[in-house]
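The values are calculated or read from the model by the stated rules, or taken from the named source; none is laboratory data. Nothing here was measured: the structure is a model prediction, and the numbers come from that model. A quick note on method: Cβ atoms are made from the backbone with ideal geometry, for glycine too, and the neighbour counts reach across all protein chains shown.
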Amino acid sequence: MTAIEIFQECIGKRLPPLVMKYEPYKGKYETFPYIHTNTDDFEAAFSALLFDAIIFYAYEKNEIEYAYERGKFANLHKAARAAYENRVPKTEKLNDGLMGELALDSFIKCFFENIELLYSRVKYYEKYPRKDAEPNRKGHEIKGYDGLLFSSEKGKKHMWVGQVKTGTWDYCFKGIKEDIDKSILKHYFASAMAIMSDIMMATSDLSNNLKSIIDDLNDILFDYPTETEARHSKIIEYFKKNGIVIRVPCMIIAEEEEYTYTEKILASVKCRCEKAFEGYCENNNCGLNIEIMLMVFPVRDLKKLRQAFLDERISKKSEGT
């Protein structure tokens, strides 16, 4: 089985919440065929699911497939604990960003085909960030993006640079519009792509399409090792010349009052999206081909969900054998 097939078996079929995709400049909505769960244990169950998804967030494609073949996913939660302890920075605060990043990563891989995750060594300079590391050595991240992915379908290539906001609706919409604007700034985007290509050079299991992009970007880094302006300009030119679309998936996780009935949730979310993006236009000052996508995930009790996920992370109970 491939890594994405293993993900669908282990995570995708267990992902029940309703998610709405909204393309703000086209006025297009798509509601994925899932419904919210109003059971009392929803927050705990969803948190456990996100924790299990850490494996697919932190390991590379070949690592996932090899571990699965060796039977290491028979106890998925135990495998997730190992991945979490070995690969993920340990801020472990109620409002830190890991829950949102995992939700973004999981929803994209569940609902979109042909996704290739640019795995943990893209998000983190250190492969094994430890709890007991010095403060300036703990979880060195590529700042700015909450998810990095690649896809190729029917000859069209997408580089995904994700953003997440979690909180009140007003906070989420305000923050996500700011994130959209900065995501497509020349130096902001090019700097992240430079770091990504350098780190991914050490990865052996890439598709031909992605390997070609990584190699080409690294050629630019070799040609312009110190000339930041020229290096960033060449990276932008490369994406434009090769017709690679920059897709900005924006995950919004906000508490929704109209949670009881699906129809009310949909009506409320549509109204909020339209109002938030009325008259708004992103400023793409470097001419990249940009696609903006909102993935909206309304929840009934955000504080309870955050606490359940934190409890899952800090729990040291035995995961069994």
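Restricting to the range 46-89, what's the tally of residues that are over 20 Å from the mean Cα position of the chain (by Cα) and without any contact (Cβ under 8 Å) to a residue 40 or more places away in the chain?
Let us first name the residues in the range 46-89 that are over 20 Å from the mean Cα position of the chain (by Cα), namely 65-79, 82.
With without any contact (Cβ under 8 Å) to a residue 40 or more places away in the chain added as a condition, the list becomes 66-67, 69-72, 74, 79, 82.
Adding up the residues that qualify gives 9.
Of all residues in the range 58-72, which are of a type in the set (F, W, Y) and either closer than 23 Å to K90 by Cα or crowded, with 20+ Cβ neighbours inside 10 Å (or both)? Reasoning before the result, please.
Taking the range 58-72 first, the residues of a type in the set (F, W, Y) are 59, 66, 68.
The answer is Y59, Y68.
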State which residue is modelled with the highest pLDDT when the search covers only the range 1-16 and only residues that are closer than 23 Å to R300 by Cβ and buried (at least 18 other Cβ atoms within 10 Å of the Cβ).
I11
Determine if the range 262-277 includes at least one residue that is outside any helix (DSSP H, G or I) and either within 28 Å of S47 (Cβ to Cβ) or more than 23 Å from the chain's Cα centre (by Cα) (or both).
no
H232 passes all but one of (1) modelled with pLDDT under 90; (2) surrounded by 18 or more Cβ atoms within 10 Å (Cβ to Cβ); (3) not β-branched (V, I, T); which number fails?
(1)
So Y238, is it closer than 30 Å to P24 by Cα, among the aromatic types (F, W, Y) and free of Cβ contacts under 8 Å to residues at least 40 places away in the same chain:
yes
List pairs: first in the range 202-214 and more than 17 Å from I64 (Cβ to Cβ) and at pLDDT 80 or above, second surrounded by fewer than 19 Cβ atoms within 10 Å (Cβ to Cβ) and among the aliphatic types (A, V, I, L, M), Cβ under 8 Å, 6+ apart or cross-chain?
I214/M201
Among what's in the range 152-205 and is under 30 Å from E274 (Cβ atoms) and aliphatic (A, V, I, L, M), pick the residue that is surrounded by the fewest Cβ atoms within 10 Å (Cβ to Cβ).
L185
Contact list please: Cβ distance under 7 Å, first residue in the range 217-229 and within 17 Å of H187 (Cβ to Cβ), second residue surrounded by fewer than 17 Cβ atoms within 10 Å (Cβ to Cβ) and of a type outside the set (D, E, K, R), pairs at least six apart or on different chains.
Y224/A230
